[in-house]
Structure formats: structure tokens, C-alpha cells
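S.K.: The structure under discussion is supplied below as C-alpha cells; questions concerning it will follow.
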Amino acid sequence: MTCSVSKVRVCHVAMADLWAGAEVQLAILLRSLARRPDLEVSAILFNGGWLAGELENAGVPTLVIREAERNPMAIVRELRERFRRERIDVLHTHKYKDNMLSALASIGRGGPYQVRTIHGAREPFVGVAFRMNVYERQDSHDILGLRDLFVLPSLSEGIPLVLLEALALSRPVVATNVGGIPEVVEDGCCSGVLVPAGRPDELARGCLTVMDNPALAQRLGQAGRARVEDAFFADAMAEKVAQIYRTLVGPRENS
């Protein structure tokens, strides 16, 4: 009798209105997860957008639920039916709306395990509403590679994609010590310089430390590149996430 390890069925649920850092990282992650032989990956997106096309191109089965056509309870019922029909083992959500609706749809015996990614933005947003005009450049990667120093003065972050890009290009980094940034940048002149958020004097001091020492700048850039290659390339991240799924579900075999 031959035994084989059964696949873990994973469904990612996410908002797809925007195409920003969180959505780009999700597309990269799912593209790598979908190539793994131990996982069966699908996605449910609220509304369409660029993310839906990226996942479809990557071969990830994707259902788009348009919020304008359904009320919240109808969405919950549709999610619950799909989770049961597809026998989802792990449900992975990303922001407060999909966290809430998916949690409601998972209530009851036999529901999937739930994994939530915190992308760094404080949610729900309150107080101020604004519109930002975004202008896309095709040469942003080249421009970033020409910089002598990459500075990230954020007050709140997850793990910013642009930070990973700067490190991958061997740019020395000065950044604020918030959110997921310390997971990427190892302070103490190891792979970057971290400073307290909201302290422009400390930020300036960190920038001058690097700019006045070319040898340090080169060493930080090399260490940053090595850090990204070791821990944050797509397949490395996918392996860590898959380990979480496997830990939750436990070993299973098909006879």
C-alpha cells in the first residue's frame, strides 16, 4: 500500500480595490505558494482590480465577489458555502473587512483554521478621509538603484515592499523602528540603521552617519542584500508560510 501526503487546501480572502504594497506582496506570495506540491491554493477577492488579473495569470483559482451586488450577510453566506464545498483547511485573511466577514463565515464546528496577516495600517480608519493621486513610473526600479541612500521615515508600516526592493539593490537604509521594519533591518550597523519614529533629528543623524562613511554605506548595502536573499525572497517567504499551514493542520496521509 502506497501512502502520499495530502495537500493542504488554503484559501486567501482579500480586498482587491487597490494595487499597493500589500496587494503586490500578496500576489508574489500566492504565485510562490501555488507552485508548491503540498498546497492547493485558491483566492476570494472582494471587488476586482489588478490583483485579480495577477492571480489568474499565476494560475490561482480566483473568485471575485463584488460588494455592490451583495449585502454583507449575503457575502457571509456565500463564503460559508464555498468554505464547506471546497473543504478549505486554512483560511488566510489580510485586512479588517475580510477578517470580519471570513470569521463570521467560519463560525461552527469543522470550520477552517484561520491565519491573519497584519499589513501595518491601523484599521478601521477614523477621523480623516482623503484622496491620493498616484502616478505610476516605469523606471522606478532604476531610479531606486541610483540612490546613494534609502530613507524610510514611516510612522506605521507592515513590511514595506519598497524597503525590500532597496535592500535587494544593495542600497544602505535608514528607517524608523516601527511595525515590521525591524524584522527586515537589523540595527546596529548590521544591515541598516533604525531610528525612533517622529524624531527628525535622529533621522538626520542616522543619514549623516551613513553618508559621511562610504565604507559603512557599502557594508550596509551588502549586508542588506544578503538579508533579503536569506529571509525575504519569495520562495523563502512561501516556505515559512507553508510551515505555518502545515503546523496548524498537522500531518495527514492519503492511502
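Each reported figure results from applying straightforward, stated rules to the coordinates on display, with no laboratory input. Worth saying up front: this structure is predicted, and the values here are computed from it rather than measured. Heads up, the Cβs are rebuilt from the backbone with ideal geometry, glycines too, and the neighbour counts pull from every protein chain shown.
S.K.: Which of the lysines could be linked to Lys240 by a straight reach, that is with a Cα gap under 21 Å, when you skip same-chain ones fewer than 8 residues away?
M.R.: Lys7, Lys95
S.K.: Moving on to the next point. What is the magnitude of the charge dipole of region 140-231 about its Cα centre, with +1 placed on the Cβ of each Lys and Arg, -1 on the Cβ of each Asp and Glu, and no other charges, expressed in debye to the nearest 20?
M.R.: 140 debye
S.K.: I've got another one for you. I need the calculated FRET efficiency for the pair Glu229 and Arg35, taking r as the beta carbon distance and R₀ as 22 Å, to the nearest 0.05.
M.R.: Once the sixth-power term is evaluated, E becomes 0.70.
S.K.: For a Förster distance of 51 Å, can you work out the FRET efficiency between the beta-carbons of Leu104 and Asn213, rounded to the nearest 0.05?
M.R.: Efficiency for this residue pair is about 0.40.
S.K.: Sticking with this structure for a sec: For a distance above 16 Å, tell me the whole-number percent of Cα pairs in region 4-125 that qualify.
M.R.: Counting every Cα pair in region 4-125, those more than 16 Å apart make up 59 percent.
S.K.: With a Förster radius of 45 Å, plug the Cβ-Cβ distance of Glu86 and Leu161 into 1/(1 + (r/R0)^6) and report the FRET value to the nearest 0.05.
M.R.: 0.95
S.K.: Which listed residue (Gln222, Leu194, Leu29) has the Cα farthest towards the positive end of the charge dipole for the chain, taking +1 on Lys and Arg C-beta and -1 on Asp and Glu C-beta about the Cα centre?
M.R.: Farthest towards the positive end: Leu29.
S.K.: Also, quick follow-up: Please express the shape of the chain as an equivalent ellipsoid: the semi-axes are the square roots of 5 times the eigenvalues of the C-alpha gyration tensor, given largest first in whole angstrom.
M.R.: Largest first, the chain gives 37, 23, 16 Å.
S.K.: Further, regarding this structure: Return a whole-number percent for the relative contact order of region 140-231, with Cα pairs under 8 Å and 6 or more residues apart as the contact set.
M.R.: Averaging sequence separation for qualifying contacts and normalising by length gives 31 percent for region 140-231.
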